Structures are given as C-alpha cells and as structure tokens.
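The structure under discussion appears below in the form of structure tokens.
What follows draws every value from the coordinates through simple rules; no lab data is involved. Because the structure is a prediction, the values reported are computed rather than measured. So basically every Cβ, Gly included, is an ideal-geometry build from the backbone, and we count neighbours across all protein chains shown.
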Amino acid sequence: MSETPHSRLPRRTFLLAGLAGLLLPGQVAAQPYPSNLIRIVVPTGAGTPPDIISRMVADELAANEGWRLVVEDRPGALQTIAMNEVSGRPADGYTLLTMSLPMTVTPSLFPRAEVRPDVDFDPVIKISRSYTVLVTTPSLPVNSLAELVALLKSKPGKLNFSSAGFGTPSHLIGEMFALQAGVRATHVPYQQFPQAIADLISGNVQYMFVTTLPVIDLIATGKLRALAVTAPTRIAALQDVPTVVEAGFPNLVTADWIGFAAKRGTSTEIRLQLNKAINKVLAGPKIRASLDKIGAVPVGGTAAEFGDGIRTDVGHWAKIVKDADIKLPQ
C-alpha cells in the first residue's frame with residue numbers, strides 16, 4: 001500500500017496538532033504583554049519637559065521590567081500630529097501618547113481637529129506636575145505682583161509678555177493672568193526659547209510665566225526678577241518667592257503636567273499593567289531625584305484620576321480661550 005504524505009509524519013506531529021486543536025481561537029498566537037517594542041510618541045521636540053520625562057520613565061521601565069521602549073518626538077500642529085499618529089495605530093498598548101497641559105487646549109483652539117485628548121484616548125497615568133514662575137526684566141520698576149498689575153493698568157496694551165509659543169503654558173497662563181487682573185498686554189510668542197529669555201533679560205519684552213528650571217540661576221544672579229510662582233504653596237527651588245495665592249490671585253494656581261495615554265479601546269488589563277509598572281517607577285528615589293532637577297514632582301495614581309483631570313482641564317481652558325478671545329494666528 002502506498003504511503004500518503006500524512007502517513008509519513010511522526011506520531012509526535014499528530015499529537016501537537018491535536019493539542020493545538022483543543023485551544024480556543026487566538027490562543028495559539030497569544031503572547032503576554034508586552035512582547036514587542038513599545039513606542040512612546042511625544043508631541044513636542046527634543047529637550048522639552050515632555051520629551052525629557054518620557055525618556056526618564058522609559059529608561060526606568062526598561063531597567064525595572066526588562067521592557068523594550070523607544071521615545072519618538074512628533075511635534076507640531078498644536079500637538080495634533082502626535083495625537084493623529086497614535087490614534088492611527090492599533091489599540092494594543094504598543095503605541096502610547098505623552099500628554100501635557102497644552103493638549104487639553106487643542107479642542108478649543110482647533111475645534112475641527114480630527115482627534116481630541118478627552119475622546120480618542122484612554123488615560124494610563126499622570127506622571128508629573130510642575131509650576132511656573134512669573135519673571136520680569138530687571139529694568140521694569142516693579143517688585144511684586146501687585147505692582148505689576150498697577151503698572152499694567154496704567155499702561156493698557158503698552159507692555160508685552162512673552163511665551164514659548166502659541167498655546168503653550170506660558171501663553172495660556174499669561175492670558176489667564178490678564179483676565180483675572182483686568183489688564184491688557186501684548187502676547188509675543190517665540191519659536192526659540194533661548195531667544196525669548198534673552199529678549200526678556202534685555203527688556204525687549206517685559207514679563208513671562210516660565211518653568212522654573214531655566215531661570216533659577218538667572219533669578220539668583222539678578223538677570224531676571226521673580227514676582228510669584230503659580231503654586232498653592234512655596235516651592236523648594238524658590239523659597240523666597242511668594243505664591244500667587246499670597247499675592248491675592250488664588251485662581252491663578254496652575255500646574256503643568258505630563259502623563260501617558262493609549263488609543264481608545266486599549267484593554268483595561270494592559271492599561272492596568274502599564275499603570276502599575278509606572279507607579280512603581282515613580283515611587284523610586286531615582287526618578288524623584290531626576291524630576292526634582294527639572295522642577296517637577298512625581299504624581300502617579302489611577303488611570304481614572306488622570307482621566308478626570310484631562311476632562312476638567314479641557315473644560316477649564318475652553319472657558320479661558322473663550323473669555324480671552326484667543327484665536328489661532330492666521
């Protein structure tokens with residue numbers, strides 16, 4: 001009798017095939033997460049806080065968990081380039097989005113955007129929080145927030161405040177300050193942060209809300225004058241600088257933040273695994289020390305808490321954009 005191709009296969013082959021047939025569909029290919037490279041897409045350029053902090057966390061996850069991660073910067077278009085990149089990928093946890101405060105302003109500034117931070121992404125975890133400091137050029141004859149308000153009211157629209165770009169925290173907080181203080185000033189956005197600081201020192205612009213790290217030494221040497229920090233209590237790096245609460249502007253307390261999110265529809269199990277691993281990283285002394293050097297503190301917590309914060313900020317900034325009549329430059 002002639003042999004068929006199947007009859008020549010060893011008995012072990014039939015046994016393995018039979019066992020595979022007992023598995024449910026999809027189980028043969030299923031692998032524990034993460035079995036592949038995880039991409040973290042950052043909506044800002046290299047050297048910015050979202051980029052720096054994303055790399056810090058990625059390095060610690062690689063060291064602690066043995067995961068493979070890569071951080072990719074996709075700046076531009078009010079952070080929608082990065083959002084579109086992540087929303088166009090499968091909801092499998094292998095492409096994460098780094099979120100920060102400016103992203104929650106996008107729905108108000110760009111209502112026709114294809115994606116929204118509060119609709120198209122599932123929160124994973126808030127990583128860090130930081131505050132800004134209001135600094136002025138030393139040539140400006142003010143030594144307190146109250147004196148700056150008085151000067152602005154005496155010269156409506158005559159003074160300038162600078163920012164690191166349209167829609168950045170320095171711009172948004174500057175507009176919020178003008179609303180709360182009842183003053184008018186001209187916004188001057190800069191594409192290059194060093195030039196913004198140089199013009200502030202020289203007096204080409206008069207004041208700016210800026211993250212603490214780049215200006216601490218400039219404040220200490222008198223090249224810039226610090227009037228207030230946007231924190232609820234004084235911060236360690238600038239203990240001698242009063243808060244906006246002390247200066248009579250409690251509603252000006254504003255924290256910039258950074259966190260991770262995944263495409264909407266990513267499984268709860270994967271997001272919980274990511275949340276647990278990152279919370280572990282944030283509890284370690286190494287990441288705390290690294291964040292402290294750039295003026296930030298670790299946050300952590302649950303994905304639900306982060307999601308609530310995103311929705312709150314979207315609503316908050318929508319009101320600021322409307323009240324300040326902020327529009328995209330043509």
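Key figures
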{"quantity": "Farthest positive-ward along the chain dipole, Cα basis, beta-carbon charges - from Pro169, Ile38, Gly157", "calculated": "Ile38"}
{"quantity": "Ellipticity estimate at 222 nm from DSSP helix runs (n ≥ 4, -39,500 (n - 2.57)) divided over the chain, nearest 500", "calculated": "-11500 deg cm²/dmol"}
{"quantity": "Residues of the stretch 141-172 with amide N under 17 Å of a point placed 7 Å along Cα→Cβ from Glu246", "calculated": "143-148"}
{"quantity": "Cα-centre dipole for the chain with unit charges at Cβ (Lys and Arg positive, Asp and Glu negative), debye to 20", "calculated": "260"}
{"quantity": "Label-point separation, Asp325 to Asp217 (7 Å along Cα→Cβ), nm", "calculated": "4.3"}
{"quantity": "Cross-link partners of Lys286 among lysines (Cα-Cα below 27 Å; sequence separation of 8 or more within a chain)", "calculated": "Lys126, Lys276"}
{"quantity": "Volume per residue that the Cα convex hull of the stretch 132-252 spans, once the total is divided by residue count, Å³", "calculated": "89"}
{"quantity": "The chain: Cα Rg divided by the 2.2 N^0.38 Å rule of thumb", "calculated": "1.25"}
{"quantity": "For the stretch 188-278: rounded, prolate or oblate by the Cα gyration tensor [a/c cutoff 1.5]", "calculated": "prolate"}
{"quantity": "Selection from Leu148, Val241, Phe306, by position along the positive dipole direction of the chain (Cβ)", "calculated": "Phe306"}
{"quantity": "Alpha-carbon Rg/Rh ratio, for the stretch 23-169, with Rh computed the Kirkwood way", "calculated": "1.13"}
{"quantity": "Computed label-point distance, nm, for sites Arg68 and Arg184 using a 7 Å Cα→Cβ extension", "calculated": "5.9"}
{"quantity": "Pair Thr302, Ser202: separation of 7 Å Cα→Cβ label points (nm)", "calculated": "5.3"}
{"quantity": "DSSP H segments from the chain that extend 27 Å or more along their own axis, Cα-based, with Kyte-Doolittle mean of -1.0 or above", "calculated": "303-323"}
{"quantity": "Cα-based convex hull volume of the stretch 25-84 per residue, rounded to whole Å³", "calculated": "80"}
{"quantity": "For the chain, share of DSSP beta bridges that run antiparallel, in % to the nearest 5", "calculated": "60"}
